[in-house]
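Enquirer: Take a look at the following structure, please.
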Ligand SMILES: C[S@@+](CC[C@H](N)C(=O)[O-])C[C@H]1O[C@@H](n2cnc3c(N)ncnc32)[C@H](O)[C@@H]1O
């Protein structure tokens, strides 16, 4: 899979690219490119934003700047999903993660300050995605959330078997995963459920199924 992230802060992604599962698939299952809007801006001194028409506080990411960045990377053709990260977008859930992880190529657009000129969302993006009903200062964290969630779904990202029975998976019928415990079996009188210490795999399996909850 190829993912291109357009951002004002490409270096913000350095930490994420060193962490598993992303690090495990980088260069094999995942090809990640970080593009800085300032590097391709057609405006003087790498200007990328401007004051909002109609007045008001904050700066708005310019449509010509984003168009130039896309043009510089793809030329005329953008046969791919272009996702604008925006609080007003489609709420991100596991179904949307699976859908996007199934794409061969994906582009993520992030903004800062007051956000995108609406024409970017309308004409340059194919989708708008929100990571939740709250406002962050920029699209970099939302892009990283999406990158991490997608990377987990790529072959080789996780240790065999560890991604199959997770919350929201088909195996758990979209439910929330059962609780996990490890040693010590008794800590301050907080004990581990007996069934998990029983060695009876059928009972353990049944208990785990029973503990799956649904939102
Ligand atoms: C300060 S926000 C802009 C908020 C915008 N003026 C509004 O009220 O909806 C700057 C940028 O951060 C990103 N962002 C902030 N919160 C987000 C969220 N919940 N989901 C996705 N992107 C978000 C978007 O790229 C957004 O354009």
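Enquirer: For each of 215, 92, count neighbouring Cβ atoms within 10 Å of the residue's Cβ, then give the residues from fewest to most.
Expert: Exposure proxy ranking, most exposed first: 215, 92.
Enquirer: Using the alpha-carbon atoms, what tilt in degrees (0 to 90, nearest 10) does helix 140-151 show relative to the longest principal axis of the chain?
Expert: The angle comes out near 50 degrees.
Enquirer: What number, in percent, do you get for the relative contact order of region 18-106 if the mean sequence gap of Cα pairs under 8 Å and at least 6 apart is divided by its residue count?
Expert: It comes to 19 percent, rounded to a whole number.
Enquirer: Which value in nm describes the separation of the simple spin-label points at residue 190 and residue 94, placed 7 Å from the Cα toward the beta carbon?
Expert: 2.5
Enquirer: Cα axis of helix 201-211 to longest principal axis of the chain: angle in degrees, 0 to 90, nearest 10?
Expert: Computed tilt is about 50 degrees.
Enquirer: Below 8 Å between Cα atoms, with a sequence gap of 6+, how large is the relative contact order for the chain in percent?
Expert: Result for the chain is 22 percent.
Enquirer: Also, I was wondering about something else. Any chance you could check the Cα centroid distance between region 141-157 and region 84-137 for me, in angstrom?
Expert: 14
Enquirer: Kindly provide the Kirkwood hydrodynamic radius of region 118-215 in Å, to one decimal, from all pairs of distinct alpha carbon atoms.
Expert: Roughly 17.3 Å, rounded to one decimal.
Enquirer: Here's a follow-up. Going by the alpha-carbon gyration tensor, a ≥ b ≥ c the square roots of its eigenvalues, is region 63-147 rounded (a/c under 1.5) or, if a/c is not under 1.5, prolate (a/b greater than b/c) versus oblate?
Expert: Here region 63-147 falls in the oblate category.
Enquirer: Antiparallel DSSP bridges in the chain: what percent, to the nearest 5?
Expert: The antiparallel proportion sits near 20 percent.
Enquirer: Which of rounded, prolate, oblate describes the chain, given a ≥ b ≥ c as roots of the alpha-carbon gyration tensor eigenvalues and a/c under 1.5 marking rounded, otherwise prolate only if a/b is larger than b/c?
Expert: It is prolate, given that a/c is not under 1.5 and a/b is the larger ratio.
Enquirer: Using only the alpha-carbon atoms, how far is helix 63-74 inclined from the longest principal axis of the chain? Give it as 0 to 90 degrees, nearest 10.
Expert: 70
Values in this text are rule-based calculations from the coordinates and carry no lab data. Bear in mind that the values here come from a model prediction, so they are computed numbers and not experimental data. Counting neighbours? That spans all protein chains shown, and the Cβs are built from the backbone with ideal geometry, glycine included.
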